[in-house]
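Report on the structure given below.
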There are 2 protein chains.
Amino acid sequence: MIKRIDHIGIVVKDIKEALKVYQQALGLGVTEIQERPDLGATIAFLPIGESEIELVQPVTIDSDAAKFSEKRGEGIHHICLEVDDIEKALADLRKKGLQLIDEVPRTGPRGERLAFIHPKSAHGVLIELYEYRESETAHDSDSQ
Amino acid sequence: MIKRIDHIGIVVKDIKEALKVYQQALGLGVTEIQERPDLGATIAFLPIGESEIELVQPVTIDSDAAKFSEKRGEGIHHICLEVDDIEKALADLRKKGLQLIDEVPRTGPRGERLAFIHPKSAHGVLIELYEYRESETAHDSDSQ
């Protein structure tokens with residue numbers, strides 16, 4: 001059911017400063033820095049093995065990242081796990097009594113279908129689930 | 001330099017309760033549950049792709065996990081990245097001015113050489129580095 005860790009999302013105040021650590025000191029590569037007005041954030045993507053680190057800098061004060069940063073400071077915001085079948089995963093989680101943030105999957109900008117599990121139901125960890133569909137690539141999604 | 005995410009360490013109050021979510025609801029497998037008196041903790045290992053989730057239950061009140069739990073509650077404690085050469089990694093990090101918790105690598109129970117970077121220097125994330133050496137398996141380490 002779960003294939004791999006897709007990414008770890010880390011909220012930072014300033015991506016340029018954070019890249020001094022994650023890119024320059026730790027030596028990770030950066031594939032893209034994306035403006036995400038839908039999230040009120042800018043995101044830097046740093047691949048690492050079969051996973052990625054995402055550095056998330058809040059841009060608007062009402063963004064999730066800004067609220068997290070105000071409450072907890074910088075740090076790990078969530079982990080994202082890739083699943084084969086997100087509908088089945090959500091049904092299984094619901095059956096076990098877990099609280100979901102998204103009862104129905106949303107579609108992200110890269111064509112991924114995604115849903116969050118509430119951290120209250122996952123021992124303090126905000127878990128995002130991704131399902132990638134071959135017919136829904138980022139390119140297809142852009143052209144819709 | 002960095003090869004993959006080795007594991008994500010999650011502090012939980014009760015491993016049995018946490019396994020209801022991570023094993024039974026999310027469907028991850030459990031390879032081992034280890035008593036670790038050196039850490040004052042019990043750890044459950046759940047492989048996921050090329051990485052693992054480690055559920056860490058504090059056993060003694062003065063353990064790192066217990067202090068974390070008391071301050072922050074349950075949640076992600078650290079991430080561990082596998083590097084090719086931990087000495088070189090630490091030298092690079094030192095050169096860039098990062099604060100290290102371990103100036104010199106320690107050897108863990110599976111033969112891994114490990115060191116922690118201070119979260120103050122990594123934008124709120126406690127980062128552990130691992131280097132595995134073929135000549136230092138868990139078995140070799142046990143027999144020393």
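Just so you know, all these numbers are worked out from the coordinates, no wet-lab data involved. These numbers were taken from a predicted model, which means no experiment stands behind them. Please note: Cβ atoms are built from the backbone with ideal geometry, for glycine as well, and neighbour counts cover all protein chains shown.
In nanometers and ordered shortest first, the copy-to-copy spacing of the A:Glu35 label point, defined 7 Å from Cα toward Cβ, is 5.9. Averaged over the residues of A:26-39, the number of partner chain Cβ atoms lying within 10 Å of the residue Cβ comes to 2.
Taking label points 7 Å from Cα along the Cα-to-Cβ direction, B:Lys88 and A:Lys120 give a separation of 4.9 nm.
Highest mobility in the GNM of chain A, judged by mean-square fluctuation with C-alpha springs under 10 Å and restricted to A:Glu82, A:Glu131, A:Glu103, is found for A:Glu103. Between B:Leu55, B:Phe45, B:Ala89, the Cα set farthest toward the positive side of the dipole of segment B:36-98 (charges on each charged residue's Cβ, about the Cα centre) is that of B:Ala89. Springs between alpha-carbon pairs under 10 angstrom, Gaussian network model over chain A: which of A:Ala18, A:Ala65, A:Ala122 fluctuates most? Taking springs between Cα atoms under 10 Å, the residue moving most is A:Ala122. For peptide B:67-76, the mean count of partner chain Cβ atoms within 10 Å of a residue's Cβ comes to 3. Largest GNM mean-square fluctuation across A:Leu46, A:Leu98, A:Leu81, computed for chain A with C-alpha springs under 10 Å, falls on A:Leu98.
Please compute, for peptide A:122-130, the average count of beta-carbon atoms on other protein chains lying within 10 Å of each residue's beta-carbon. Provide the component values of the computation, followed by the final result.
Details: counts 9, 16, 12, 11, 2, 3, 0, 1, 0.
So the per-residue partner count for this stretch is 6.
Put the Cα centre of segment B:1-62 next to the Cα centre of segment B:63-111 and the gap is 16 Å. Remark: label point of A:Ala91 defined 7 Å out from Cα along the Cα-Cβ vector; separations to the same position in other copies 5.6 nm, ascending.
With a/c under 1.5 counting as rounded, go ahead and sort the protein assembly as shown into rounded, prolate or oblate using the C-alpha gyration tensor (a ≥ b ≥ c being the square roots of the eigenvalues; past the cut-off, prolate if a/b is larger than b/c, else oblate). Could you put the intermediate results ahead of the total?
Numbers: a/c = 1.59, a/b = 1.22, b/c = 1.30.
Because a/c hits 1.5 or more and a/b fails to exceed b/c, the protein assembly as shown counts as oblate.
Database remark: amide H of A:His77 closer than 5 angstrom to the amide H of A:Gly9, A:Ile10, A:Val11 (H placed geometrically; neighbours at sequence offset of 5 or more, or on other chains; Pro and chain starts carry no H).
Partner lysines whose Cα lies under 17 Å from the Cα of A:Lys95, excluding those fewer than 8 positions away in the same chain, are identified as A:Lys120, B:Lys20.
Seen against the Cα atoms of chain B and their longest principal axis, helix B:86-95 is set at about 70 degrees.
Quick check on chain B: take the gyration tensor over C-alpha atoms, sort the square-rooted eigenvalues as a ≥ b ≥ c, and tell me if it's rounded (a/c under 1.5), prolate or oblate.
Values: a/c = 1.64, a/b = 1.32, b/c = 1.24.
Since a/c reaches 1.5 and a/b is larger than b/c, the shape of chain B is classed as prolate.
Rounded to the nearest Hz, the phi-derived 3J(HN,Hα) couplings of segment B:31-45 under the Karplus curve 6.51 cos²θ - 1.76 cosθ + 1.60 (θ = phi - 60°) are 8, 6, 10, 10, 7, 10, x, 4, 9, x, 8, 10, 10, 9, 9, where x marks glycine and proline. Between A:Val59 and A:Val30, the simple label model (points 7 Å from Cα in the Cβ direction) yields a spacing of 1.5 nm.
Across the identical copies, the label point of B:Asp62 (7 Å from Cα in the Cβ direction) is separated from its matches by 5.0 nm, in order from shortest.
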